[in-house]
Structure formats: structure tokens, C-alpha cells
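Take a look at the structure set out below.
The values are calculated or read from the model by the stated rules, or taken from the named source; none is laboratory data. All of these numbers come straight from a predicted model, not from anything done at the bench. Quick reminder, even Gly has a Cβ in these numbers, built from the backbone with ideal geometry, and neighbours come from all protein chains shown.
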Amino acid sequence: MTLTSDSMTYLVRILKRTDSGARIEWEGQLDDAPAYSSSAPGATVQTDDTTLATSGPAILELMDIPILRDMDDNAGFYAAMTGVLGGWHGGVLFGSADDVDFAQLGAVSQSAAIGVATSALGNFQGGNVFDELSTVTVQLTGGTLSSATEAAVCGGSNWALLGSEIIAFKNATLVTGTTYRLTGILRGRFGTESGMTTHVSGERFVLLLPAGMIRPDRPASELNVSRYYRGVSYGQAVSSATSKAFANSCAGLKPLPGVYLRGFRNASSDLSITWVRRTRVGGDWRDFVDASLGETTESYEVDIRNAGNTATLRTIASSTPSVTYTAAQQTTDFGSPQSSINVRVYQLSSVVGRGFPVSGAI
């Protein structure tokens, strides 16, 4: 405040006020205004033009597929994310039961290699060996691909989901831009043999590596129940993303299809049906140790199919990987014992029921 005395004006900084009845006392200190003014020259400030990159929208792929690791043995599913724009630095997966209220389910900090096939991978029946004849080209929206040695591929490198088949590839040759040609392909990984004859151009491609991919664990009560999911780039609002409706069938909990389906007939025309089970978990190859069961109990169902393989005539339950379809049962179902019968064999899960079938005519 300013005070005037004897025609002089003083700048005073108030320090204290004291109320004494009708009297108010002020305590102050003279202030020197020039002390607040600087005469020093200022330095030249250097400024740079900075362009702030926008994260842009995210691309989300939801994958209801067999588990890739023992640690993923739950009722969840896999989700992979990448960005539409270059320099994408991660995003968050949100889920909702009503497409209104969303909860965070997980996040990724790296871009996954996601794209589509621009050609159709050929059919394959060659078994557990590399398909050295078939090729497929894929165009990526995000991420990159690289080649790997045969030993590295057998050890887990370059796994990918192509359509409904899980593959692994040795060679990724850049054709142009973000398009790669894949060769040296292991087919039907993790029990997905049924997808080896279903490929079309335009189907999705996802490189199945931990970077850019998460597995949110979901309750088994959501089995086959449609939910809504959004992949949201860091820095973006949840409302900026489009919902994807997705029903999780808990494929990760389904027993894998058996192998080596065989049939043997005795002199009475009884048909013995046998197969070898596979396991979802603990399948390491160790001497003198059988593969773990992977399920609460061992149980199977064998469907006997009609001649046109369009309907089930009978289901036979078993607790071992074999059943007998008697001549009397064949007569009941077909009118007489049969020389060839279509069958489907399912291993059962205590959580999700039937697993993936192995089928054939025996």
C-alpha cells in the first residue's frame, strides 16, 4: 500500500494487523520498487518446431484358439493389437457386457504383426513335416516379419494364425512395401489340422508372439456368451474405438483331437475303434514319461455317423482310447454289419464338454 506524509509518498509492504477494540494497528516495512526491476539484458531463446505424433486408432484381433503355452490354461482368449498409423506405442483392451460400461482387461506396449492374406495357402495332408511346396503372401497393417532357422521354428519362433490354422514358417521374404511371401511352413499346429483345407485370400494373419498380444482370463460362465471389446490406443478415449462383438467358446480348454484313428474287425464283424489322445498341457517329450492327461478325468465320446456322414446314429462313451462297435449294433443302425463306417471321436473336458474331434472312415 502507499502512505503519504509531508507531501512524500511511500510504498509500504504490510506485515501485520492488530485489532485492539476500536483501534487497528498496522505494522509495515518500506518497499523499494526499483529492486524489482532488472536492467540485465535477456538471452536469445532458441525454439524448435516440434511435431506431435497422434497415436491414431488401434486394430484389434480377438482369437479363440488352442492355448500356446501351459501358463495360458484358463478360460480366456488371445487379443492382439496394432495401430493404423506408424509409430504406434501401445493400447488398452476394454470389455463390456452391455456395450456401455467398459472395464480395462489388459494392455500392450508393442505393435503386433497383423494383416491379411493376399493369396490362398494350399491344402496340405503331409503330416508333421514342413510344407516346402505351398506359399502364401500376407500384407501387414502393423509390425514386421523375419525369417528363422528350422531349429528356431521348431523351438517356437514364427508361429502365426492364418485363418483358422496355426502355422509356423521359416522364410519371410519381403515382396514390396509391407507384403511378405511365406515359405517353409509347418502346418496344423496345436491341433488345428481341420484348418489346413479352408484357406482363402483375405483371411486374417496374426503373428503369435508375446509382443503386442495378451490373454485376459475370463470366467467359464461366459462360455459362448457374446461380449463387447474395444482396442484403444494410448491417449485415446474409450468412446473413440468401435466395439467388436465376440463370443468366447473357450477353445483353449477344449481337448485336442486325437491321432492315429484306426479300426479293426474280428471274425464276428465287431469293429474295434482305437486312437491316441493328445494333451493341451504338459506335452514335453520326456523319456519313459507319458503325456499328462490335461483334464480332470479321462473320458471320450465316439459318434457313429450315417453313410452320408450327415447325421449321428449312435454315441458310445468310453474312459479309455478305444471302443467296440458290435455287429449287433451295426445291424440295428444300418440293417447289417458294415465294411466302412464314418466316426468322430471327442475327448471330453469337465469345463467345456466336447473337445476338437478326430474323424474318419474306418
Q.
Looking at the structure I just gave you, is ALA317 surrounded by fewer than 16 Cβ atoms within 10 Å (Cβ to Cβ) and either in the same structural domain as ILE65 (by TED's automatic domain parsing) or touching a strand residue (DSSP E or B) at 6+ places or on another chain (Cβ under 7 Å) (or both)?
A. yes
Q: Scan segment 221-242 residue by residue and report those that are modelled with pLDDT of 95 or more, under 13 Å from ASP64 (Cβ atoms) and crowded, with 17+ Cβ neighbours inside 10 Å.
A: ARG227, TYR229
(Q) Could you tell me how many of the residues in segment 190-213 are part of a strand (DSSP E or B) and crowded, with 18+ Cβ neighbours inside 10 Å? (A) 4
**Q.** Residues located in segment 299-308, provided they are in contact (Cβ under 8 Å) with a residue 40 or more places away in the chain and not in a strand (DSSP E or B)
**A.** SER299
Q | Check on LEU85, assigned to a loop (DSSP other than H, G, I, E, B) and either touching a strand residue (DSSP E or B) at 6+ places or on another chain (Cβ under 6 Å) or of a type in the set (Gly, Ala, Ser) (or both) | A | no
Q | Counted residues, segment 88-123 - those being part of a loop (DSSP other than H, G, I, E, B) and surrounded by fewer than 21 Cβ atoms within 10 Å (Cβ to Cβ) | A | 14
Q.
So, restricting to strands (runs of 3 or more DSSP E) that lie completely within segment 243-298, which ones have at least 1 residues that are over 25 Å from the mean Cα position of the chain (by Cα), buried (at least 16 other Cβ atoms within 10 Å of the Cβ) and not polar (S, T, N, Q)?
A. 259-265, 271-276
(Q) Can you list residue pairs whose Cβ atoms sit under 6 Å apart, with the first residue in segment 58-72 being without any contact (Cβ under 8 Å) to a residue 24 or more places away in the chain and the second being surrounded by 21 or more Cβ atoms within 10 Å (Cβ to Cβ) and part of a loop (DSSP other than H, G, I, E, B)? Count only pairs 6 or more apart in sequence or on different chains. (A) none
Q) When segment 151-173 is examined, which residues are found to be aliphatic (A, V, I, L, M), closer than 15 Å to VAL129 by Cα and part of a strand (DSSP E or B)? A) ILE166, ILE167, ALA168
**Q.** Filter pass, THR183 being in contact with a strand residue (DSSP E or B) (Cβ under 7 Å, 6 or more places away or on another chain), of a type in the set (Ser, Thr, Tyr) and touching a residue at least 60 places away in the same chain (Cβ under 8 Å)
**A.** no
